[in-house]
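Okay, structure first, notes after.
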Amino acid sequence: MNNHDLLIYNTLTRTKQKFVPLQPGHVGMYVCGPTVYGDAHLGHARPAVTFDLVFRYLKHLGYKVRYVRNITDVGHLEHDADEGEDKIAKKARLEQLEPMEVAQHYTNRFNDAMKKLNVLPPSIEPHATGHIIEQEQLVQQIFDAGYAYESNGSVYFDVEKYNKDHHYGILSGRNLDDVRDASRELDGVGEKRNQADFALWKKAQPEHIMRWPSPWGDGFPGWHCECTAMGRKYLGDTFDIHGGGLDLIFPHHECEIAQAVAAQGKQMVRYWMHNNMITINGKKMGKSYNNFITLDEFFTGSHPLLQQAYSPMTIRFFILQAHYRSTVDFSNEALQASAKGLERLMEGIKQLERIEPQATGTVGKEFAEKLSADCYAALDDDFNSPIAISHLFDACRTINQLADKKASITPEGLEALKAAFSTFCFDILGLASEANGNAGREEAFGQAIDLLLNIRAQAKANKDWATSDRIRNELSALGFEVKDTKDGATWRLNK
Ligand code: ZN
């Protein structure tokens, strides 16, 4: 069935290009995964759902896809990714845990959240700490090619030298002067020849717990190394798709290109894909805005900015209702509209089961064929899920007419329509009916706790302290931690 002309917007060429894989029938795809030092939040959901759609659609088109999504468990430092304390080591120090306990805990939590969002697990999920040797080999190759230098036990990429032979900034559209101006004065700068240089290997200070031996002394790899090293290991020197969020274009992906070209003399990736970012009520997500909402908080509604719980499928559908290269703004109103839209779609699918076909029906199988052709055309145009969804909504209007007996459908027409909805809604868009599933129960559970807290707030307003204390104490005995903030009460279940 591979007669599709699939167009993909390539960030590198800034054009939509016809997708032609390197090896007929096979696709290699690498997507930057999470740094596992905290709970998965909304910012993780968008790339996960975006590349899940890409993965599902390529598989649907008949490609054998090897999808690699890494786990960053070392080397992602606090400032500009390669200066400051390691994010995982810091969390381990604060919580008195072994760094790998931190990484494992948040990897498990991340995978739980992905499962709820119906995101398929990747083919390979390599950890940076499991690939130190490959990263050291990459650093050595760059060193041997003359694009790296050692300084005080650390190894840096020589951006200035590289830029004489190649273009540093090819992906982000920057030139070296822009990069120099943007680089901030940071510690470690004294070791670098130039501010734009980035760390390939960092010397471990005596107190640093995550450390490995290397030709340059004990240390740990720079953050950008892992994706280049693991991408090449599992997908080859050249592979088809590399994805991630727009925020990774610079410096992370720019550095990945420089590392690959320096080490092997040619680029590693053929199509660079980037999803746009998510804002909350028009603001960038960030700790300083107090709008950092974790996925669990969405699923249970336990964050003061949320008016209610939103099911994982509502979050997934909301993300798919925007094209992956557009910005998305989360607000309660927008999420409520998505929940309604999803319900409408699922109701249409349920109605299909109840409709009695008629041999003399006026709607034939051409209707489903046109629907499929329209959905394929949308998805072939750089995975345009919102357009595909709008075609499914249009078809729901016809389903309503059939259910109201204002129109009739032939048996072949009905089978074809059921098949089309099942293919596009479930297989490709990855939606799942959750009315009777866990997710629906979890949403109702969160709403019940919110209801109790609303009754408590009312009791407090009426100075009915006996009731308000009773609700708080009994929730606490059941393991709920209730916190009062200026925007209302929040809760979490400590179990
Ligand atoms: Zn990466």
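Where a number appears in this text, it was derived from the coordinates with a stated rule and is not lab data. Given the structure is predicted, the values throughout are model-derived calculations rather than measurements. FYI the Cβ positions are ideal-geometry reconstructions off the backbone, even for glycines, and counts take in every protein chain you see.
For this structure, a couple of remarks:
- Cβ-to-Cβ counts within 10 Å put 285, 114 in ascending order as 285, 114, the fewest first.
- Computed about the Cα centre, the dipole magnitude for the chain is approximately 1000 debye when only Lys and Arg (+1) and Asp and Glu (-1) carry charge, each at its Cβ.
- Put in line by how crowded their Cβ is, counting other Cβ atoms within 10 Å and starting with the fewest, 67, 9 read 9, 67.
- Whole-number percent relative contact order across the stretch 24-137, with pairs defined as alpha carbons under 8 Å at least 6 apart: 34 percent
- Applying both filters, DSSP loop and at most 16 other Cβ atoms within 10 Å, to the trypsin sites (Lys or Arg not before Pro) of the stretch 1-74 gives 14.
- Computed over the chain, relative contact order equals 16 percent, with contacts defined as Cα pairs under 8 Å that lie 6+ residues apart.
- The mean sequence separation of alpha-carbon pairs under 8 Å and at least six residues apart, normalised by the residue count of the stretch 202-301, gives a relative contact order of 21 percent.
- Taking a ≥ b ≥ c as the square roots of the Cα gyration tensor eigenvalues, the stretch 45-160 comes out oblate, since a/c reaches at least 1.5 and a/b does not exceed b/c.
- C-alpha long axis of helix 223-235 to longest principal axis of the chain, angle in °: 70 degrees
- Pairwise centroid distance, computed over Cα atoms, of the stretch 190-247 with the stretch 276-350, Å: 34 Å
- Dipole of the chain [Lys/Arg +1, Asp/Glu -1 at C-beta], most positive-end residue of 494, 292, 388: 388
- Degrees between helix 465-477 axis and first principal axis of the chain (Cα, 0 to 90, nearest 10): 60 degrees
- Taking the C-alpha atoms only, the angle from helix 365-380 to the longest principal axis of the chain is near 20 degrees.
- Summed over qualifying helices (DSSP H, 4 residues or more, each -39500 (n - 2.57)) and divided by its residue number, the chain shows a 222 nm mean residue ellipticity of -14000 deg cm²/dmol.
- Rounded, prolate or oblate (a/c below 1.5 giving rounded, otherwise prolate when a/b exceeds b/c) for the chain by Cα gyration tensor: oblate
- The stretch 352-446: C-alpha gyration tensor shape, a/c 1.5 cut-off, then a/b vs b/c: oblate
- Cut-off of 10 Å, at most 11 other beta carbons, DSSP loop: longest stretch of the chain lacking such GluC sites (Glu not before Pro): 208-495
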